[in-house]
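I have placed the structure first, in the form of structure tokens, so that the comments after it can refer back to it.
Nothing in this text is a laboratory measurement; each read-out follows from the coordinates by a stated rule. Keep in mind that this is a model prediction, so the values were computed, not measured. Note: ideal-geometry Cβ built from the backbone for every residue, glycine included; neighbour counts use all protein chains shown.
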């Protein structure tokens, strides 16, 4: 089991990843905001879903998701279909144009990341990617328990 000291250092490193994320987002064209690309990525990964489910997966407020959905639908990058289970709701799906936009944005981000990591080996990138996937899996579907020090 990892020690609290090692976890504290990991927390500091994770906090610093915000700068990495912002640097990669700056590589995207203005009409392809990071939030919009995240919506496209979720629809590509999980398929059709309602706005509420998309909002939960993105971990953002429904109003934020709705703005992204409206923006993407106006451009023809996603479609809204009637939900056969609930006629008041709409199911969102990626269009071929949206798939192309997502591919282009992903390629641009990968190219930018490759520029930043030009002194890294493929093995180092693979190791980091593997460990980050494992970290993400540790958080999937669970909420942390309240710290006993804080709840006593």
With contacts defined as alpha carbon pairs under 8 Å and 6 or more residues apart, what's the relative contact order of region 29-118 in percent?
-> 29 percent
Virtual paramagnetic centre 7 Å along Cα→Cβ of residue 111, amide N under 18 Å, in region 19-62 | 23-34, 37
If you look at just the Cα atoms of region 97-137, how large are its Rg and its Dmax in Å?
-> 12.7, 35
Among 74, 137, 56, whose mean-square fluctuation peaks in a Gaussian network model of the chain (Cα, cutoff 10 Å)?
-> 137
Mind listing P(r) for region 43-85? All alpha-carbon pairs, 5 Å bins, whole percents.
-> 5, 21, 32, 29, 12, 0
For region 1-73, the Rg and Dmax computed from alpha carbons only, in angstrom = 15.8, 47
If one takes the longest principal axis of the Cα atoms in the chain, at what angle in degrees, from 0 to 90 and to the nearest 10, does the Cα axis of helix 62-74 lie?
-> 50 degrees
How far apart, in nm, are two points set 7 Å out from the Cα along the Cα-to-Cβ line at residue 48 and at residue 9?
-> 5.0 nm
Hey, could you pull the Cα Rg and Dmax for the chain, both in Å?
-> 18.6, 54
Rounded to two decimals, the Debye log10 I(q)/I(0) of region 29-118 (Cα scatterers, no solvent) at q = 0.22 Å⁻¹ is -1.06
